[in-house]
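Coordinate-derived values only; no laboratory data. If you're wondering where the values come from, they're calculated on a predicted model, not measured in any experiment. Cβ placement follows ideal geometry from the backbone for every residue including glycine, while neighbour counts extend to all protein chains displayed.
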Amino acid sequence: MANVSEILRRKGSQVHTVDQSATVLDAVRVMNRERVGCVVVMCRGRIAGIFTERDVLRRVVESQRRPAEIPVADVMTEDVLFRAPETSLEEVGRVMKDHRIRHLPICDHHSRLVGLVSIGDLNAYHASDREETIHSLREFMYGSASL
């Protein structure tokens, strides 16, 4: 069964982070520059929270707060779910569905951040896996010369 480490091997383990002292504007600028839907908020090398597009809408825009004046720590999601690289993709999908989240930090056995998996990453992995299966079946049925 496929696990998270396979996704991280394909996409890489880079995670965009900000310090908890950053402002919402700082965090949004990172998200926009890197074209990502969240940043992981760090405090002394550990996960303090996660700040997502949903947090921006619910806790900043809707409340008409000023992004340049608010510390991201005041509006981030603090109760962060995470999983290990050995976690099956089935479990990751279930966690995302059950908790209605789109991003899941991946931490090693020392609780160090080693990656991030998004719902888009899961979908891309499954789509690629299906394409490989279809290709293999075609080769088996028709031979590689007919492709």
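Distances over 26 Å make up what percent of all Cα-Cα pairs in the stretch 18-138?
28
So if each residue of separation counts as 0.36 nm, and I subtract the Cα-Cα distance between residue 62 and residue 99, what length gain in nm does that give?
So the extension gain works out to 11.1 nm.
Could you check the simple spin-label distance between residue 5 and residue 127, using points 7 Å along Cα→Cβ, in nm with one decimal?
The modelled label-to-label distance comes out at 2.7 nm.
Given +1 on the Cβ of Lys and Arg, -1 on the Cβ of Asp and Glu, and no further charges, what dipole in debye does the chain carry about its Cα centre, rounded to the nearest 20?
Around 300 debye, computed over the chain.
Quote the charge dipole size of the stretch 1-78 about the Cα centre in Debye, to the nearest 20; the model charges only the Cβ of Lys and Arg (+1) and of Asp and Glu (-1).
Roughly 240 debye, rounded to the nearest 20.
Once each part is reduced to its C-alpha centroid, what is the distance from the stretch 1-17 to the stretch 40-101 in angstrom?
18
Å³ per residue of the Cα convex hull, for the stretch 1-80?
Once divided by residue count, the hull of the stretch 1-80 is 105 Å³.
Within 10 Å, Cβ to Cβ, of residue 119, how many net charges do the neighbouring residues add up to if Lys/Arg are +1 and Asp/Glu are -1?
It works out to a net charge of +1.
Place a +1 charge on the Cβ of each Lys and Arg in the stretch 70-116 and a -1 charge on the Cβ of each Asp and Glu, then give the dipole magnitude about the Cα centre in debye, rounded to the nearest 20.
160
Rounded to the nearest 500 deg cm²/dmol, what is the calculated helix-only ellipticity per residue at 222 nm for the chain, with -39500 (n - 2.57) per DSSP H run of length n ≥ 4?
-11500 deg cm²/dmol
Tell me, what HN-Hα J-couplings in whole Hz come from the Karplus equation 6.51 cos²θ - 1.76 cosθ + 1.60 at θ = phi - 60° for each residue of the stretch 22-32, using x for Gly and Pro?
With coefficients 6.51, -1.76 and 1.60, one gets 5, 7, 4, 4, 4, 5, 5, 5, 5, 4, 5 Hz.
In the neighborhood of residue 86, defined by Cβ-to-Cβ distances under 11 Å, what is the net charge if each Lys or Arg adds +1 and each Asp or Glu adds -1?
Once positives and negatives cancel, what remains is -2.
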